[in-house]
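Structure first, then comments.
The values are calculated or read from the model by the stated rules, or taken from the named source; none is laboratory data. Keep in mind that this is a model prediction, so the values were computed, not measured. Glycine gets a Cβ as well: all are built from the backbone with ideal geometry, and neighbour counts include every protein chain shown. Please note that ligands, DNA and RNA were not included when accessible areas were found on the heavy atoms of the full protein model with its side chains. Shrake-Rupley method; radii C 1.70, N 1.55, O 1.52, S 1.80 Å.
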Amino acid sequence: QPLPEEERPVADGSPPVGDEAVRVVIQEPSKMRILRMLGLITAGVQQKLWITDAYFLSMPVLTQALMSTARDGVDVRVLVPATNDLPWIGMLSRTGYRQFLEAGVRIFEYGGPMIHAKTVVADGWWSKVGSTNLNFSSLAANWEIDLVAEDRRFGTKIEEMFEEDLAHAREVRLFKAGRYPRVRPDRQIE
């Protein structure tokens, strides 16, 4: 049901805060607004696309976009939790690592407590922070909300936080082992 009139915020009653121009993107079931926006970003990114996601179960269209972006020479990195509060999601997510790694996408597993962030930063100027995970339920079926900023200062802050998180992560790599390369973290979680 809609909020009662007395509980609805009034835009004119909210003073401006900060200097960054931002957008709020509401993801409604079946609208796929965030997925369409990510399609545009992956098509236009030039140097780096860094993603943090708690429940990474990429949809085929997003998987192809990320792999194509990496093949184009963009530094594509995905940071996910090493241990997940929903263990089956972590196990299922790992089944898709090989195709990403073979395409040049770098995957990192965060070793601290469950990382629950959902961020994307592209070329240091476009950033997304919000509730949308990169999986079917978030991108197609759930109600979600994200803040999108086109601002270098904000993008730099997101990149700095990403790099701090990488300092507590291990990289997942393809290792030659017999006939087929194996997907394996480069080290144990400390």
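Name the residue, out of Lys128, Lys31, Lys176, whose mean-square fluctuation peaks in a Gaussian network model built on the chain with Cα pairs under 10 Å.
Lys176
Leaving ligands, DNA and RNA out of it, report the carbon-plus-sulfur percent of the accessible area of the chain at a 1.4 Å probe. Walk me through the numbers on the way to the answer.
Numbers: 5980 of 10900 Å².
Carbon and sulfur: 55 percent of the exposed surface of the chain.
Specify the angular offset, from 0 to 90 degrees and rounded to the nearest 10, of the alpha carbon long axis of helix 60-71 from the longest principal axis of the alpha carbons in the chain.
On a 0 to 90 degree scale, this one is about 70.
Any chance you could run the full-extension gain for Arg23 through Lys157? It's 0.36 nm times the residue separation minus the Cα-Cα distance, nm to one decimal.
Details: separation 134, 0.36 × 134 = 48.24 nm, distance 1.73 nm.
Value of the extension gain: 46.5 nm.
What residue among Ala11, Ala117, Ala141 shows peak mean-square fluctuation when the chain is described by a Gaussian network model with Cα springs under 10 Å?
The residue with the greatest mean-square fluctuation here is Ala11.
To the nearest 0.05, how large is the calculated FRET efficiency for Leu174 and Phe136 if R₀ is 30 Å and r is the Cβ-Cβ distance? Show your work: numbers first, answer last.
Numbers: r = 26 Å, r/R0 = 0.86.
After rounding to 0.05, the efficiency reads 0.70.
Only loop residues by DSSP count here, and only those with at most 15 other Cβ atoms within 10 Å; note down the GluC sites (Glu not before Pro) in segment 1-102 that meet that. Display every interim value, and only then the final one.
Values: sites: Glu5, Glu6, Glu7, Glu20, Glu102; in loops: Glu20.
Taking segment 1-102 and a limit of 15 other Cβ atoms within 10 Å, the loop GluC sites (Glu not before Pro) found are Glu20.
Express in whole angstrom the spacing between the alpha-carbon centres of segment 16-37 and segment 111-175.
14
Starting at the first residue of segment 78-91, write each ³J(HN,Hα) from the Karplus equation 6.51 cos²θ - 1.76 cosθ + 1.60 with θ = phi - 60°, in whole Hz, x for Gly and Pro.
10, 10, 10, x, 6, 10, 10, 5, 10, x, 5, 5, x, 5
On a 0 to 90° scale, report how tilted helix 33-44 is relative to the longest principal axis of the chain, with both axes built from alpha carbons and the result rounded to the nearest 10.
Between the helix axis and the principal axis of the chain, the angle is about 60 degrees.
Once phi is turned into θ = phi - 60°, what whole-Hz ³J(HN,Hα) does the Karplus curve with 6.51, -1.76 and 1.60 give for every residue of segment 144-152, x standing for Gly and Pro?
Each residue of segment 144-152 in turn: 9, 9, 9, 9, 10, 10, 10, 7, 5 Hz.
Report the residue, chosen from Leu79, Leu166, Leu49, that carries the largest GNM mean-square fluctuation when the chain is represented by alpha-carbon nodes joined by springs under 10 Å.
Leu166
Placing one identical point scatterer on every Cα of segment 39-120 and ignoring solvent, what is log10 I(q)/I(0) from the Debye formula at q = 0.13 Å⁻¹?
Log10 I(q)/I(0), no solvent term: -0.37.
I want to check a number: in the chain, how many lysine pairs have alpha carbons closer than 18 Å, given a sequence separation of 8 or more or different chains? Before the final figure, lay out each step's value.
On the way: Lys31/Lys128; Lys48/Lys118; Lys48/Lys128; Lys48/Lys157; Lys118/Lys128; Lys118/Lys157; Lys128/Lys157.
So the count of such lysine pairs works out to 7.
Near Ala141, within a Cβ-to-Cβ distance under 11 Å, what is the net charge of the other residues, with Lys and Arg +1 and Asp and Glu -1?
Numbers: positive: Lys31; negative: Glu28, Glu144.
Charge balance near Ala141 sits at -1.
Based on the alpha carbons, how large is the Rg to Rh ratio for the chain when Rh follows Kirkwood?
On the way: Rg = 17.7 Å, Rh = 17.6 Å.
Rg/Rh: 1.01.
Using helices alone, what [θ] at 222 nm do you get for the chain, with -39,500 (n - 2.57) per DSSP H run of 4 or more residues, divided over all residues and rounded to the nearest 500? List each step's numbers first, then the result.
Numbers: 5 runs with 54 residues, N = 190.
Only helices count here, giving -8500 deg cm²/dmol.
Under a point spin-label approximation (7 Å from Cα along Cα-to-Cβ), what is the Ser30-Trp143 distance to one decimal in nm?
1.7
Rolling a 1.4 angstrom probe over the protein heavy atoms, how many square angstrom per residue are accessible across the chain? Walk me through the numbers on the way to the answer.
Working: 10900 Å² over 190 residues.
Ligands and nucleic acids excluded, the result is 57 Å² per residue.
Using modelled amide H (1.01 Å from N, peptide plane; none on Pro or chain starts), what sits under 5 Å from the amide H of Val78, excluding residues fewer than 5 places away?
Ile51, Arg106, Ile107, Phe108
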